[in-house]
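Here is the structure we will look at, set down as structure tokens.
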Amino acid sequence: MNNDLKMKVGFIGVGWMGFGIANNILKNNYELFVIANKNRKPIDRIVKEGAKEVKSYEELCKSGLDALFLCVTNSPIAHEIGKKIVSLLTDKTIVIDITTHNQNGSVEMEQILKANNIPYLECPVMGGPVQAEEGILGGIVGGSEENLKRSEELLKCFCKNYYHFGGIGNGAKTKLLNNFLSLGTATYVIELIKAAKKLDIDLDKLYKVAQLGSGNSNALKRIFDKVLEDDYTGFKFTATNTLKDLTYITDLLKGMDNAEKLSDLSKSFYKKAVDDGDGELFISELIKKN
């Protein structure tokens, strides 16, 4: 794709993550079309930046799109949208799916779109809303070489690097394994801080010690830097989304003994948070629930 030609790009799912991705597409001079979702704040922000809001999937898909991004909460929602848009698109529009799917979700999504020969690429990402706005996410790509080549100028708008793992489905599985590590690490950091508070350990000194050892990580920095300022929003990922991802991860790791047990244990923490009515809190905010 050559953005000098003012390519038209659609975007479904302008939320916490979607806003940064969409805004970087705008900054690279693509014509961007967005559709409203339940959270008006990022929609209003992206429209203010120059995106065009449409009112229906039909209006979106009939805008002469070269590419359509999908960045939604889970596989069932993505599949529902896929079934609504498949008859409205042509093979001139490639669907680029940022959604974190379950292990079979992107494969099923490709099958839905194949009914009308719609080209499809999965590209779940590493990083959070801050990295999305800075345009330094990591892309985990699954799909054909042809579709990757067709999409890579757009991927460069918001990815510092992206890596091709083979066919559709490999991206989803790799993303879940990456989240197994990142969410597991964040959970350990959260429980570390909660335990330190219980034991009356100096948090500032504990952080300095932790940074010197092999426990140092981006999760440690993201959470601790904010906590020391009495701000618990360092890890901008909700308990509900964490529970969803860990459910997908546990399913992926079935029969892998210790890995499955670790994932299932972490999942239980966030299931309790959701059951207690704290699902919309960022997981770092659960420290306050100690």
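The values are calculated or read from the model by the stated rules, or taken from the named source; none is laboratory data. This is a predicted model, so every value here is computed, not measured. FYI the Cβ positions are ideal-geometry reconstructions off the backbone, even for glycines, and counts take in every protein chain you see.
General remarks:
- Of residues in region 54-102 being among the acidic types (D, E) and surrounded by 16 or more Cβ atoms within 10 Å (Cβ to Cβ), the one nearest to L155 (Cα to Cα): D97
Yes or no, residue by residue, for (1) assigned by TED's automatic domain parsing to the domain that holds L26; (2) crowded, with 18+ Cβ neighbours inside 10 Å; (3) outside any helix (DSSP H, G or I); (4) touching a strand residue (DSSP E or B) at 6+ places or on another chain (Cβ under 7 Å):
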| residue | (1), (2), (3), (4) |
| --- | --- |
| K149 | yes, no, no, no |
| N179 | no, yes, no, no |
| S182 | no, yes, no, no |
| T185 | no, no, no, no |
| K194 | no, no, no, no |
| I223 | no, yes, no, no |
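- Restricting region 255-277 to residues that are surrounded by fewer than 20 Cβ atoms within 10 Å (Cβ to Cβ) and among the small types (G, A, S), the residue that is farthest from D231 (Cα to Cα): G255
- T174 in contact with a helix residue (DSSP H, G or I) (Cβ under 8 Å, 6 or more places away or on another chain), free of Cβ contacts under 8 Å to residues at least 60 places away in the same chain and not hydrophobic (A, V, I, L, M, F, W, C): no
- Scanning region 157-170 for residues that are touching a Phe, Trp or Tyr at 6+ places or on another chain (Cβ under 8 Å) and either of a type in the set (F, W, Y) or part of a helix (DSSP H, G or I) (or both) yields a total of 1.
- Candidates E280, E285, filtered to the one that is acidic (D, E) and either over 22 Å from Q131 (Cα atoms) or surrounded by fewer than 16 Cβ atoms within 10 Å (Cβ to Cβ) (or both): E280
- Positions within region 151-176 being on the phi > 0 side of the Ramachandran plot and surrounded by fewer than 19 Cβ atoms within 10 Å (Cβ to Cβ), in sequence order: G166
- Any hit, region 245-254, residues being buried (at least 17 other Cβ atoms within 10 Å of the Cβ), acidic (D, E) and closer than 20 Å to V72 by Cα: yes
- Lone qualifier among K288, K236, K254 - being in contact (Cβ under 8 Å) with a residue 40 or more places away in the chain and not in a helix (DSSP H, G or I): K236
- Conditions (1) farther than 22 Å from L148 by Cα; (2) assigned to a helix (DSSP H, G or I); (3) not basic (K, R); number of the one not met by G18: (1)
- A residue that is among the small types (G, A, S), free of Cβ contacts under 8 Å to residues at least 24 places away in the same chain and assigned by TED's automatic domain parsing to the domain that holds I98 occurs somewhere in region 54-61.
- Test result for V107, at pLDDT 95 or above, aliphatic (A, V, I, L, M) and closer than 30 Å to S182 by Cα: yes
- Spans of strands (runs of 3 or more DSSP E) in region 33-129 with at least 2 residues closer than 25 Å to G166 by Cβ: 67-70, 94-97, 120-122
- Within region 125-134, the presence of at least one residue that is at positive phi and either modelled with pLDDT under 95 or out of contact with any Asp or Glu (no Cβ under 9 Å at 6 or more places or on another chain) (or both) is confirmed.
- Top-ranked residue in region 151-164 [being in contact with a strand residue (DSSP E or B) (Cβ under 6 Å, 6 or more places away or on another chain) and of a type in the set (F, W, Y); ranked as farthest from C123 (Cα to Cα)]: F158
- Selected residue [among the small types (G, A, S) and touching a strand residue (DSSP E or B) at 6+ places or on another chain (Cβ under 7 Å)] from G279, G213: G279
- Single unsatisfied condition, E122 versus (1) touching a strand residue (DSSP E or B) at 6+ places or on another chain (Cβ under 6 Å); (2) among the acidic types (D, E); (3) surrounded by fewer than 22 Cβ atoms within 10 Å (Cβ to Cβ): (3)
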